[in-house]
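Here's the structure we're looking at; comments come further down.
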Amino acid sequence: MINLRNISIQNKLVLIQVLTSVFVLAIFFTGFIMIDIKDYKERKVKSIQSIAKVLAANNVSTIQFQDNEAAKDILSELQNVAPDIVRAVITDTDGNTFAQFSKTKADSSWFDLGNKTFAFEGRHLYVTNPIVNAENELAGHVYIDCELSELEDMKSKKFGIAGISLVVALGCGFLIAFIIQTYVSKRLLFLVEKMKEASETNNYRLVIKDDGKDEIGILIKVYNDLMYQVNESQQRKDEFIGIASHELKTPLTSIKGYIELLNEMETRQPQQIFIQKTKESTAKLEHLIADLLDVSRINSGQLQLNIEEFKMDELIDESIDSISAGIRTDHTIIRNGTFNDLTVKGDRQRIEQVLINLLSNAVKYSPPRSDIFVSSTIKDEQLIVEIKDFGNGIPEEDKEKIFERFYRARNTSVHISGFGLGLYICSDIIKRHNGKIWVESGAKGSSFFFSLPTIKKSIPI
Amino acid sequence: MILLSFFAHKYALSQDEGGEASLKAAFIYNFTKYIEWEGADNSGDFIIGIVGSSSISGPLEKIAQTNNVKGRRILIRYYNSTDAIGFSHILFIPRNQSSSLPVILEKTAKGTLTVSEEPGYAKMGSAFNFIIKNDKLKFEANLNAIYAANVKVSSQLLKLAILID
């Protein structure tokens, strides 16, 4: 059994249309054909009955004068009058055959009409009429056996017409349904498309225009209202992030300053160790707040790029150095591949932020003592930077989501701190440079790539 | 289904004289149903005359007792000589007559339909003439004689007759 819910509305409409037209037409045609057949039978009965009456009138004298040859001549003329009469018999009052005309081999059996004057049996119509003389005395009977050959022709012709009409109706049904469905399913699909778009781009400001006042119109209006609310709360959240990050930054700057002072003043142990610990934590906190600020800037469109020309290989080396300095585990970051000495246009600081972020991620997610490879290549006028680690890899279903805001991989065995904003920020920065960021991952680790257009195609300053 | 019996010879003439005579009597009576005597007196009895004697007289008397012609009593009259022939609606001329047909016809009044039973008599002026054909009783009709007799014969009857000029 087909589940109706799984059929698309488009197909449902077509199905409804087609089934309705087929159903209506089938009833219509059946009715008409039945009426036609009934009419034909009635007409046939009338005409054969009148023939029987004429025969009866014409055979009063033949019976009276016992002229069965004349009677047979009269019967034989039926062939010209009504060719579908296959047999006609005149009997006398005792039921004995007086005269008979038969197209087929004479058969002594006859359909028993009982008290009826006519009867349909199979493809035959049997009619009888009494022969009454001038004195109203019964002189005999006329029996006629008429083959309904036209009925079969008529039936097949009518059913043929009905069949053709059904096919035409099916075609029209499909056509009409297709035209109508554009007003229904197209709008629904448009809505779905817009919803997907909103979900993918996180742009909830999209208002869908639809003039319809039907259920789909209502749905779209409700969707717009809902999106307005979502957008509102999204904006409030963004505002909150913006305010929070700003408000957190001010005391943190002051904490940082005083700790620096303390660091210079205090040389005793273990105070110095505590100061170092506080410094590290403060740096982490600063980093988190910086991320939040970036996100806030991205949301509000205030993230400005400071475009300049710089050498990518130099930047990679600098980033590796600055990461390596901070690594306390025994990872080795290895510069791999060819040096292209290529100049790109972009925000050097932001691209560095991306590199640092990706490198620190690689360090975070790699097992101890494993290497991390960094390489840069040129392909199709794009500079592609690869950062390869030998970590656990990223599940297939997470590959797209890791670049989303506040996304944290769930099934990681390692607990990693952070808001889940790093890759989101990276992704936004690269996109603003007209580049692409993606990940390839397997069981033996992940490779993060980002591409930037080379100087010819890079964004104009 | 009912069975219709087929007695092909039921309507063939039975060989005996009596059968033929009663059939002829019945035919004569049946003629009256298809004929209108336009020029004759239609108020009194219906007269069937027989020239001389004939075996049909018995069956004809029997019919006359139980039947009528359009409500009129049937009267059988016998004419033993040609001179005695009076008005009758139907005059039956049996075979083996001493007088010849022309003599009899001469005596026949207008409005009288002559019925004979001698081969060739229809051609000689008898309106109806019984013949035996294929063992069956048939009758010839002379349209001129019928016209002369001033009677109207239904086509239903004429279609069964063998027409003679």
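Before moving on, here are some points about what is shown:
- Averaged over the residues of B:24-30, the number of partner chain Cβ atoms lying within 10 Å of the residue Cβ comes to 2.
- Projecting the Cα atoms of A:228, A:283, A:258 onto the charge dipole of the stretch A:215-300 (Cβ charges, centred on the Cα centre) puts A:258 farthest toward the positive pole.
- Share antiparallel - DSSP beta bridges, chain B, percent rounded to 5: 40
- Chain A: angle of helix A:422-432 to the longest principal axis, Cα-based, in degrees nearest 10: 80
- 3J(HN,Hα) along the stretch B:87-96: 6, 9, 6, 10, 10, 8, 10, x, 6, 6 Hz, from the Karplus curve 6.51 cos²θ - 1.76 cosθ + 1.60 with θ = phi - 60°, whole Hz, x for Gly and Pro.
- Relative to the Cα centre, the charge distribution of the protein assembly as shown, modelled as +1 at Lys and Arg Cβ and -1 at Asp and Glu Cβ, gives a dipole magnitude of about 540 debye.
- Relative contact order for chain A, counting Cα pairs under 8 Å that sit 6 or more residues apart, in percent: 10
- 3J(HN,Hα) along the stretch A:134-151: 4, 8, 6, 9, 6, 10, x, 9, 9, 10, 10, 10, 10, 8, 8, 5, 5, 4 Hz, from the Karplus curve 6.51 cos²θ - 1.76 cosθ + 1.60 with θ = phi - 60°, whole Hz, x for Gly and Pro.
- Highest average packing first - A:287-296, A:164-173, Cβ atoms within 10 Å: A:287-296, A:164-173
- For the peptide B:147-153, the mean number of other protein chain Cβ atoms found within 10 angstrom of a residue's Cβ is 0.
- The trypsin sites (Lys or Arg not before Pro) of the stretch B:36-111 that meet both conditions, a loop assignment by DSSP and at most 15 other Cβ atoms within 10 Å of the site Cβ, are B:70, B:95, B:110.
- In degrees, nearest ten, helix B:57-66 long axis to first principal axis of chain B (Cα): 80
- Counting DSSP beta bridges with both ends in the protein assembly as shown, the antiparallel % (nearest 5): 75
- For the peptides A:197-208, A:175-186, the ranking by packing is A:175-186, A:197-208, with the highest mean count of neighbouring Cβ atoms within 10 Å listed first.
- The chymotrypsin sites (Phe, Trp or Tyr not before Pro) found in the stretch B:124-163 include none that occupy coil by DSSP while having at most 10 further C-beta atoms within 10 Å.
- Note on chain B: helix-only mean residue ellipticity at 222 nm, from DSSP H runs of 4+ residues weighted -39500 (n - 2.57) and normalised by residue number, equals -7500 deg cm²/dmol.
- Average beta carbon contacts from partner chains per residue of A:65-74, 10 Å cutoff: 5
- Qualifying GluC sites (Glu not before Pro) in the stretch A:224-322, DSSP loop, other Cβ atoms within 10 Å at most 16: A:266
- Fully extended contour minus Cα-Cα distance, from residue A:273 to residue A:209, at 0.36 nm per residue: 16.7 nm
- Relative contact order [Cα under 8 Å, 6+ residues apart], the stretch B:17-164, whole percent: 22
- Summing charges over all other residues whose Cβ lies under 12 Å from the Cβ of residue A:74, with Lys and Arg as +1 and Asp and Glu as -1, gives -2.
- Percent of Cα-Cα distances greater than 42 Å, calculated over the protein assembly as shown: 62
- If R0 equals 56 Å, the separation of the Cβ atoms of residue A:133 and residue A:26 corresponds to a calculated FRET efficiency of about 0.55.
- Violating pairs (Cα-Cα greater than 25 angstrom) within the set A:53/A:155; A:345/A:401; A:364/A:444; A:209/A:399; A:256/A:388; A:311/A:379: A:53/A:155; A:345/A:401; A:209/A:399; A:256/A:388
- Estimated from helices alone, the mean residue ellipticity of chain A at 222 nm is -19000 deg cm²/dmol (sum of -39500 (n - 2.57) over DSSP H runs with n ≥ 4, per residue).
- Each Lys or Arg adds one and each Asp or Glu subtracts one; over the other residues with Cβ under 11 Å from the Cβ of residue B:75, this totals +1.
- Distance between the pseudo-spin-label points of residue B:38 and residue A:96 (7 Å out from Cα toward the beta carbon): 3.9 nm.
- Measuring r between the beta carbons of residue B:61 and residue B:134 and using R0 = 25 Å, the FRET efficiency lands at 0.25.
- Estimated dipole of chain B in Debye, rounded to 20 [Cβ of Lys and Arg +1, of Asp and Glu -1, Cα centre]: 380
- Backbone amide hydrogens, once placed in the peptide plane, bring residue A:98 within less than 5 Å of A:90, A:91, A:92, excluding anything fewer than 5 places away on its chain.
- Over 32 Å (Cα to Cα) - which of A:41/B:159; A:41/B:136; B:107/B:133 fall in this group: A:41/B:159; A:41/B:136
- Extended-chain gain in nm, criterion 0.36 nm per residue less alpha-carbon gap, residue A:282 and residue A:259: 7.4 nm
- Our analysis of chain B gives Rg over Rh at 0.97, with the two radii drawn from alpha carbon positions and Rh computed by the Kirkwood formula.
- Computed Kirkwood radius, in angstrom, where 1/r is averaged over Cα pairs of the stretch A:307-453: 15.5
- Dipole of the stretch A:4-155 [Lys/Arg +1, Asp/Glu -1 at C-beta], most positive-end residue of A:19, A:80, A:4: A:4
- Positive minus negative residues near residue A:100 (Lys, Arg vs Asp, Glu; Cβ under 9 Å): +2
- Under 5 Å between amide hydrogens, built in the peptide plane, is the criterion, and for residue B:50 it picks out B:77, B:78, B:79, B:92 among residues at least 5 positions away or on other chains.
- Assigned charges on the beta-carbon of Lys, Arg, Asp, Glu; the stretch A:4-155 dipole about Cα centre (debye): 1120
- When chain B is described by a simple charge dipole with +1 on each Lys and Arg Cβ and -1 on each Asp and Glu Cβ, the residue from B:122, B:76, B:31 located farthest towards its positive end is B:31.
- Rounded FRET efficiency, nearest 0.05, which uses the C-beta distance separating residue A:7 from residue A:183 and R0 of 30 Å: 0.95
- Close amide H pairs (under 5 Å, H built 1.01 Å from N) link residue B:127 with B:114, residues at least 5 positions away or on another chain.
- Segment residue A:302-residue A:444, length gained on full extension (0.36 nm per residue, minus Cα span): 47.2 nm
- Principal-axis analysis of the Cα atoms of chain A puts helix A:312-326 at an angle of about 70° to the longest axis.
All of the numbers you see were taken from the coordinates with simple rules; none came from a lab. This structure is a prediction, so every number in the text was calculated from the model and none was measured. Every residue, glycine among them, receives a Cβ derived from its backbone with ideal geometry; neighbour counts consider all protein chains shown.
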